[in-house]
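FYI, it's all coordinate maths here, none of it is from the lab. This is a predicted model, so every value here is computed, not measured. Cβ: placed from backbone, ideal geometry, glycine included. Neighbour counts: every protein chain shown.
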Amino acid sequence: MDSGHRIASDATDTIVATSSPAGRSPRAIVRLSGPDAVRIASGAFESDPPLDRVPTYHSVDGVIALEAERIRCPAAAYLMLAPRSYTREDVVEFHTFGSPPLLGALVDALTAAGARPAEPGEFTRRAFLHGRIDLTQAEAVQAVIQARSQAELRVSQAQLAGAFRQDIETLRSDLAEWLAQVEASIDFVDQDLELMDPGDVLERLGRLTAAVESLAAAEPAAPPKDGVATAICGPPNAGKSSLLNALAGHDRAIVTPVPGTTRDTVEHPVEVGGVMFRLVDTAGVRATDHDVEAQAVERANAAAGSADLILIVIDGSRLLASGADAVWDRLAALPGAAAIVVINKSDLPQRLSPGDERRLARRGPIVAVSARRGDGLDDLRSAMARAVRSDAVVQSAHGFWLAARHRAALRRAAEALTRARSALSEDLGPEFAAADLHAALSALGDIVGETTPGDILDRIFSQFCIGK
């Protein structure tokens, strides 16, 4: 959807910023956008042909020439003229060496020539204001930058491609159709015309309300920050902290032969099979009268209760303790959480009986590992990835994530639709229903940026890096 009619940008200045990450690197990018981008860039760049004679969407090799600083450095300049650019303004990008002093001098020279330092997210904000992308896609730009796993990247890219927007636009289109019918009945109320069937409108609005409520209740397909919450639980000294360290690839948790070393939860993100997991190492679950240990066990139970996935770790080199079965029953029976039984210390003689293994298998798939030597870790990673990709760990059917503001706007729309249906069913008059339908349409418009207040836009784009 080209929404350039939505908001006309009043930006008449040209902005500049380094668009690549801070620090030294083999290559970096300095970007200008605005009506004077080509003129300002030409003053700092020598090339043949000159930048002001380069066709749109073209690149040219040349030299960054900053005579005042006595700097001459090879670079490539990429020219993208309006409206065929990310911001739909004239855009020039310099690709050169990632030397912080060089980049600083270049930005200073471009600023002295008339450009203004860009605010955080201002390039993407201009893309939004000029209708290149809608607000959900603008937010997805930040999500792509922050993605920490392949799964998060896929979800963010789907939203950037317009997956969420398409669902919202379908709802808005249906709502606008029925709003038009309701308003037409108001305009011709003094004429003996049957413009709409109230029963048909109520039925369609009911389906529309259910669709909005379902969307508002959808869980994120892949949380952009936290990942799949995975609690590592089990009896003391079963090797839970060793397992966390083995999956993390370095020592994250303290490991000693003394039972009860872990008193507080320890978290660490790990990517497995393109999925980000948030591993939570917990204290050994057992009955205790010690106040500190009791608090640690309580926190372990809380972590397991809020987890999406539980790794139940036991020591395969020991006999199955008589009280341990009750512990595992509690952990594996937690609602909504999948469980994988990890039989640790496979490098030692095993003492679990076939009957023990059959009982454990009822709680989830069994994977034998040696956290100390690394045996079986690939099998465990595969089991974790399978749990997420199957129905074991509940995943959203939607290919996008919902921000808090998206969910709030959807709820406002659902409430307005409910009021509109009540007005029609109670025969209060189409005027009341029309007012609520307008409110629902406005709430949906907030999501894509059609009616979003300026302070909300400021809050969204202030979270971006400068240069994006």
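Using the Cβ of Val16 as centre and a radius below 11 Å, the other residues enclosed give a net charge of -3, where K and R count +1 and D and E count -1.
Between Glu69 and Gln350, the FRET efficiency from the beta-carbon distance, with R0 = 56 Å, is close to 0.20.
Annotation: region 15-133 has a Kirkwood hydrodynamic radius of 14.1 angstrom, from the mean reciprocal C-alpha pair distance. The 3J(HN,Hα) values that the Karplus relation (6.51, -1.76, 1.60; θ = phi - 60°) gives for region 442-448 are, in residue order, 5, 5, 5, x, 4, 5, 8 Hz. Gly and Pro appear as x.
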